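To start, the structure itself, in structure tokens.
Values in this text are rule-based calculations from the coordinates and carry no lab data. Not measured: the values here are computed from a predicted model. Cβ placement follows ideal geometry from the backbone for every residue including glycine, while neighbour counts extend to all protein chains displayed.
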Amino acid sequence: MRNAWRNLSLRSLPRIASRGLGVSPPSLHAKVPEPQNPTFLLPFVGRIRSPSNLAIRWFSPDPAGWDEIQAELESVDLSFNRETMDLVLRDLKCVHSASEDGRVKLNSKSYNRMLQTLGDNGRSEEFWRVVGTMRKKGFGISKATYLSVSNSFREEKMEKDVNLLDEAYSLSSGRNEARTACRELCKILREEEPGEILRKKLGDIDDSLLSNLVTAVLESTRRRPEKALLFMEQVEKRSSLKIDGGVYNVMARILGRKDCINEFQDLLRKMRDQGHELELKTYIKVSHRFHQRKMIAEAADLYEFAMSGTVKPPPQDFLFLLKKIVASKDLDLDLITRVVRIFVDDGNSIKRLIFGVVLKSLRSVGRLGECDKVLKAMEQGGFAADSSAHDWVVIGLCDAGRSDGAFKYLDNIENEGYSLDVNTWTYLVKKHSVAGELGEALSCFKVMIERRGGENVGCAFEELMKGYCQKDKIKDAHKVLNEMVTKRNVKPWHSTYKFLIEMFINQGYLKESFSLLPLMKSHGIPPYIDPYIRYMSESGTVDDAMGFLKAMTVKEFPSRTVFMRIFETLLKAGRHDVAHGILFKSPGSVRNHADVLDLFYSMKPDEASAAIA
């Protein structure tokens, strides 16, 4: 009886709705019998092509859960106008399921019911939007939905939609069939010895279906590379099946690991022979895995293979690989040359800063002393090093404690025609000097002035002088200074003279310091007299003062101002005997000058004592 009433309802409701505006709601009440439990008709309300308020009153379920269903639809980008949403919501209310937390969850059945509702009501645009959403979620079109909607489209003469539906259903059926076959094959591969069963199963699958599921099966066995290999071997025996590069790339991502490296290399050779490219995502994934496991040589092999294709690795991967090579446990110079040659042969140029970054990597692992070997390896690969790169090598060798090696490297490079920066020479002289290697520092400095001249070597010379003074070799410093200035035309900095004068005086080499004053004057540098004035005020003698004044003399005694500073300092310090002794030996132009006489008169012993107090 129930089935009969159901059939009656299915036949009568569309006809009633189709009578249009000529049928009033009251007449509907009179003509359609109302069953005791009308909720079983809810799935069929959507078949009414012109919904009326009466139909909604009859078959609308409790609206309490409608908001949740609507929200679920909108979360997958399915939002309709109000009329369409009413149709969909009424039809879904009795078929949706709930997740464990009680929230609405639309399953394949829900989406197929939605398709029937929209298709049977001629909502073409909304229908295909739902089909698209189902594809993304992996849901297929059921046979019942296909038959129902196909009939509705034909009745409405929607031929374009009929054709599209036939195509969509065919694809959906194929995907379902492929999924089933994939599950069966994966189940077989999980067996201990799947060989014979696998061959038999593959024999039952035609080429068109098998080509669609090879990738899926391989992806499912990616954690069991031996199973993936077994499956791939069986598939390759199928001569009628053409395997594309995408399948080989999936296989490469599976085999690109330490325990399958031989199989991986065999696969790359096979891909090269068959003309298949390595996809960028395959390169990135496998390369990252190799670097994580410190498989640097294998990463270089992969880089070479990828660079031979049309899809190249990112440019920054070259530098990343170089850094990994120089930081690896065993420095492989041949591998450096090889990687550089691969990069250069592909038409790329290597900037100087690349080598700078490589040096930082060497420094970070305590391998800076091998920077000269690394640069040579890069040059053999095609890197055109300029003078700056060689400067960095010299500095690197110095920092690594190889100052002797740095000097030899610098000397050889300049003999080859390079002109290194003067700061590089200075750095080398400084390193030798700080290390107390004064002989090496002096030899290096002499070579420097032979090639650079004495004009721009002031910084290096100051470092050399500091080295001698720090070793308390004041006399040696004095000897080197005289030789370099008088015979090598070296022009020391003003700061160098000041440093040496103070050092000489403090170390008790006052007379030796006097020789610096005429040198300063010859270089146009104002004489540095403050340390002498200070010394006179504390312990200087008349002879010391006269020696100082004589050193300041070129054609005649220094200016009266210098005498005045000495007299004033001595008188204020209470050293009247020394002041008068100097006055006695001073030239008449100084001794008889009114300013000098006034100073001595104003600074009599009593006044001087008061000044000191």
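Listing for the model above:
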read-out: Eligible lysines near Lys160 by straight Cα distance, threshold 21 Å, same-chain separation 8 or greater; value: Lys143
read-out: Flagged links, alpha-carbon separation over 18 Å, of Lys323/Lys408; Lys329/Lys351; Lys479/Lys511; Lys376/Lys408; value: Lys323/Lys408; Lys329/Lys351
read-out: q = 0.20 Å⁻¹: log10 I(q)/I(0) that the Debye formula gives for the stretch 180-234, counting C-alpha atoms only; value: -0.62
read-out: Mean Cβ neighbour count within 10 Å, used as a protection proxy, ranking 436-448, 186-198 highest first; value: 436-448, 186-198
read-out: Largest-first principal axis extents, alpha carbons of the stretch 185-284, Å; value: 35, 28, 19
read-out: Projected area averaged over orientations for the stretch 352-476, convex hull of C-alpha atoms, nm²; value: 7.7
read-out: Computed Rg/Rh of the stretch 289-388, alpha carbon atoms with Kirkwood Rh; value: 0.94
read-out: Kirkwood-Stokes translational diffusion coefficient of the stretch 433-536, alpha-carbon pairs, 4 °C, 1.567 mPa s, µm²/s; value: 94
read-out: Note, ³J(HN,Hα) from phi for the stretch 302-307, Karplus 6.51, -1.76, 1.60, rounded to Hz, x at Gly and Pro; value: 5, 4, 5, 5, 5, 5
read-out: The stretch 415-493, dipole about Cα centre (Lys/Arg Cβ +1, Asp/Glu Cβ -1), debye to the nearest 20; value: 240
read-out: Relative packing of 328-335, 300-307, 109-116, which averages over residues the other C-beta atoms within 10 Å, highest first; value: 109-116, 300-307, 328-335
read-out: The stretch 352-369 and the stretch 476-499: distance between their alpha carbon centers, rounded to Å; value: 37
read-out: For the stretch 371-432 and the stretch 247-275, distance of Cα centres in Å; value: 43
read-out: Ordering of 263-275, 417-429, 455-467 by packing [mean C-beta count within 10 Å, highest first]; value: 455-467, 417-429, 263-275
read-out: Within-11-Å neighbourhood charge of Met520 [Cβ basis; K, R +1; D, E -1]; value: +3
read-out: Average projected area [Cα convex hull, the stretch 241-299], square nanometres; value: 3.9
